[in-house]
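Report on one structure; see the data block that follows.
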Amino acid sequence: MPASVRKDWDTYFMDIAFMASTRSRCPRRHVGSVLVQGKKLLGTAYNGAPMGVPDCSEDGCMIVEEFEPAAGTESPGGIKVKQRCIRTIHAEQNLLLFTDRIDREGSVVYVTDQPCWTCANMLANSGIVEIVFHRVYPKDYDKVAALMKQRGIGFRQIDGYVPPPDTEVQDAI
Ligand SMILES: [Zn+2]
Ligand SMILES: [Zn+2]
């Protein structure tokens, strides 16, 4: 394979995160994450219900409604209602549950979607030194970016990344 088409490491690990995300059975959102130390893959995870209990594809999503201040002009001065599935453990949380602290020290997390506030807070205390993501989650972007800056953890979106074919789910969020 010519050097020009050989995948760089960012692309390589993000592609693996997207492959992991295809295991998810929540129709609303497929998220995958991987733990990398140096150039070594130490773990993969995706969002899903705990082992041994019905998942979203069997029992449907477990939807809650959340109220957010409306951004922009959609509903001026008002509140926006958002639906969210809470059946699944997020990919980042599963990654923490299935990796060892010692492996996380100094490691990088690649995740298909920018972590939500709760996952970011956990990652900030997990020993990792960088988070690399593809899709932005605007709701929590500013506070997560501020947290990582305070904590000295790298936080970046890959420029110009294109996920592998058939790995992206159009969610309803
Ligand atoms: Zn779901
Ligand atoms: Zn999360």
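The values are calculated or read from the model by the stated rules, or taken from the named source; none is laboratory data. Remember, predicted model here, so these are calculated numbers, not experimental data. Here Cβ is always computed from backbone atoms with ideal geometry, including for glycine, and neighbour counts include all displayed protein chains.
Once segment 96-107 is narrowed to residues that are surrounded by fewer than 23 Cβ atoms within 10 Å (Cβ to Cβ) and among the hydrophobic types (A, V, I, L, M, F, W, C), the residue that is nearest to ligand 2 (Cβ to nearest atom) is Leu97. The one condition from (1) modelled with pLDDT of 95 or more; (2) away from ligand 2 (no atom under 15 Å from the Cβ) that Arg6 does not meet is (1). Return the residues of segment 74-96 that are touching a residue at least 24 places away in the same chain (Cβ under 8 Å) and out of contact with any strand residue (DSSP E or B) (no Cβ under 7 Å at 6 or more places or on another chain); say none if nothing qualifies. Once the filter is applied, which keeps residues that are touching a residue at least 24 places away in the same chain (Cβ under 8 Å) and out of contact with any strand residue (DSSP E or B) (no Cβ under 7 Å at 6 or more places or on another chain), segment 74-96 yields Arg87, His90, Gln93, Leu96. Of the residues making up segment 111-136, those that are in contact (Cβ under 8 Å) with a residue 60 or more places away in the chain and under 16 Å from Leu97 (Cα atoms) are Val111, Ile128. Scanning segment 108-134 for residues that are touching a Lys or Arg at 6+ places or on another chain (Cβ under 7 Å), of a type outside the set (Val, Ile, Thr) and surrounded by 15 or more Cβ atoms within 10 Å (Cβ to Cβ) returns Asp113, Gln114, Ala124, Ser126, Gly127.
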